[in-house]
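Here's the structure, in structure tokens; my notes come after.
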Amino acid sequence: MFRILITDDIGPAGLTLLNAAADVEHDTVKLPSPEKLREIIGAYDAVITRSGTPLTAEVFAAGKRLKVAGRAGVGMDNIEIDAATLQGILVMNTPEANTLAAVELTLALMLALCRKLPQANASLKKGEWTRSRFLGTQLSGKTLGVIGLGRIGSRVAARCQAFGMTVIAYDPYIAEEAADRIHVRLVGDLDELVRTADLVTVHTPLTAETKGMIGAAEIARMKDGVLLINCARGGIMDEAALFEGLSGGKIAGLGIDVYSVEPPKKDLLRRLLARDEVVATPHLGANTVEAQRDVAVQVVQQVIEALRGENFRNVV
């Protein structure tokens with residue numbers, strides 16, 4: 001009998017699969033403290049988590065039975081993968097399950113920025129009728145710069161092409177032939193992208209390489225009135241530089257779903273979010289009915305298959 005610990009909500013579809021597995025027992029301990037997690041993890045063969053529970057080297061060392069750690073979602077910021085590997089523990093995520101949800105939120109933020117929808121909505125609800133304040137811009141005819149042309153970035157590119165946009169991309173890990181197949185021009189470096197694009201959207205993981213990759217120097221080289229979107233990970237864009245870019249008028253609008261600290265309680269983040277040019281959401285990228293169902297089902301299937309030795313999908 002395999003024992004699985006669940007540390008975050010995974011939804012009824014995932015629980016149904018767990019309950020149907022004759023060789024699986026599962027317990028749910030929501031968002032345990034680090035001390036509590038280290039205390040109990042030794043009794044389990046697998047753990048399923050989201051972003052709210054850190055799986056640290058200490059946790060993996062305490063997991064004497066632990067074979068698999070499953071992340072219901074994509075980002076691995078809260079999991080020390082190298083530490084898991086040292087203990088012989090497989091770490092897996094669900095990269096496809098919430099892709100479309102993140103893509104669609106990116107587009108929603110683009111449109112909200114271009115047409116000033118939140119500001120117009122708030123004005124009308126106050127009883128105002130001031131159309132001239134909300135003169136927008138069209139996506140058609142603009143150049144979109146995509147940083148990271150993977151699962152999400154490539155789908156954003158395709159949908160923006162349907163709006164009539166020209167799409168360029170910077171991704172040193174994508175072959176030019178792959179970009180050509182989706183009619184995207186790969187640029188040689190980040191500098192060319194930021195100088196060329198009217199809108200810039202990032203779709204990379206947060207790593208040592210990508211942390212702060214959009215900072216003051218990059219923003220200074222952008223077009224005046226650029227629009228920026230971040231539905232990837234907080235910290236890829238330097239938030240202090242974003243604030244300065246907005247304050248100085250270089251950046252005309254910012255659509256943001258992710259933050260270096262979540263919830264965004266830092267004074268800088270509060271001031272950033274208070275700006276009228278910012279359309280902000282509380283990390284809703286994967287927050288659709290369909291995505292939540294699919295990540296739950298996929299992570300449960302993968303963990304059970306791995307425990308049984310049947311299949312090892314999406315191991316990172």
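Just so you know, all these numbers are worked out from the coordinates, no wet-lab data involved. Model, not experiment: these values are computed from the prediction. Positions of Cβ are backbone-derived with ideal geometry, glycine not excepted, and every protein chain shown enters the neighbour counts.
Run the numbers on region 99-280 and let me know its relative contact order in percent, using alpha-carbon pairs under 8 Å that are six or more apart.
Rounded, it is 19 percent for region 99-280.
Taking the Cα centre of each part, how many Å lie between region 1-57 and region 227-265?
34 Å
Based on other C-beta atoms within 10 Å, arrange His26, His203, His183 from fewest to most.
Ranked by crowding around the Cβ, least crowded first: His183, His26, His203.
Among Leu111, Leu246, which comes first, second and so on when ranked by fewest other beta-carbon atoms within 10 Å?
Numbers: Leu111 15, Leu246 21.
Exposure proxy ranking, most exposed first: Leu111, Leu246.
Please compute the net charge surrounding Gly42, taking Lys and Arg as +1 and Asp and Glu as -1 over other residues with Cβ under 10 Å from its Cβ.
+2
Taking GluC sites (Glu not before Pro) that fall in a DSSP loop and have at most 12 other Cβ atoms within 10 Å as cut points, what is the longest piece of the chain between them?
Numbers: sites that count: Glu128, Glu209, Glu310.
Counting only loop sites that pass the neighbour cut-off, the longest clear stretch is 1-127.
What aspartates and glutamates does Lys116 reach when the alpha-carbon gap must be under 13 Å and sequence neighbours fewer than 8 apart in one chain are set aside?
Partners found: Asp276, Glu277.
Could you please rank Ser247, Ser123, Ser132, placing first whichever residue has the fewest other Cβ atoms within 10 Å of its Cβ? Mind showing how you got there, number by number?
Numbers: Ser247 13, Ser123 16, Ser132 5.
Ordered from fewest to most neighbouring Cβ atoms within 10 Å, Ser247, Ser123, Ser132 come out as Ser132, Ser247, Ser123.
What is the chain's relative contact order, in percent, from Cα pairs under 8 angstrom and six or more apart in sequence? Before the final figure, lay out the partial values.
Working: 610 pairs, mean separation 58.9, N = 316.
It comes to 19 percent, rounded to a whole number.
How much length is gained on full extension from Ala208 to Lys223, taking 0.36 nm per residue of separation minus their Cα-Cα distance?
Extending this stretch completely gives an extra 2.7 nm.
Do any of Lys126/Lys211; Lys67/Lys266; Lys125/Lys211; Lys30/Lys266; Lys126/Lys265; Lys30/Lys125 go past 32 Å between their Cα atoms, and which?
In this structure, Lys126/Lys211; Lys67/Lys266; Lys125/Lys211; Lys30/Lys125 exceed 32 Å between Cα atoms.
Based on the Cβ-Cβ distance from Ala61 to Gln119, what FRET efficiency comes out when R0 is 51 Å, to the nearest 0.05? Before the final figure, lay out the partial values.
Details: r = 51 Å, r/R0 = 1.00.
Working from the Cβ atoms, E equals 0.50.
Grab the other residues whose beta carbon is less than 13 angstrom from that of Lys265, score K and R as +1, D and E as -1, and report the net.
Working: positive: Lys266, Arg270, Arg271; negative: Glu239, Glu262, Asp267.
Neighbour charge sum, excluding Lys265 itself: 0.
For Ile81 and Thr16, FRET efficiency with R0 = 41 Å and r from the beta-carbon atoms, rounded to 0.05?
Given R0 = 41 Å and the Cβ-Cβ separation, E is 0.90.
Quick check: net charge around Gly88, other residues with Cβ under 15 Å of its Cβ, Lys/Arg +1 and Asp/Glu -1?
Here the charged neighbours net out to 0.
Quick one: which residues, 5+ away or cross-chain, put their amide H under 5 Å from the amide H of Asp8? H built at 1.01 Å from N.
Leu31, Arg50
How far, in nm, would the chain grow between Lys266 and Val315 when pulled straight, counting 0.36 nm per residue and subtracting the alpha carbon separation?
Working it through step by step, the gained length comes to 14.2 nm.
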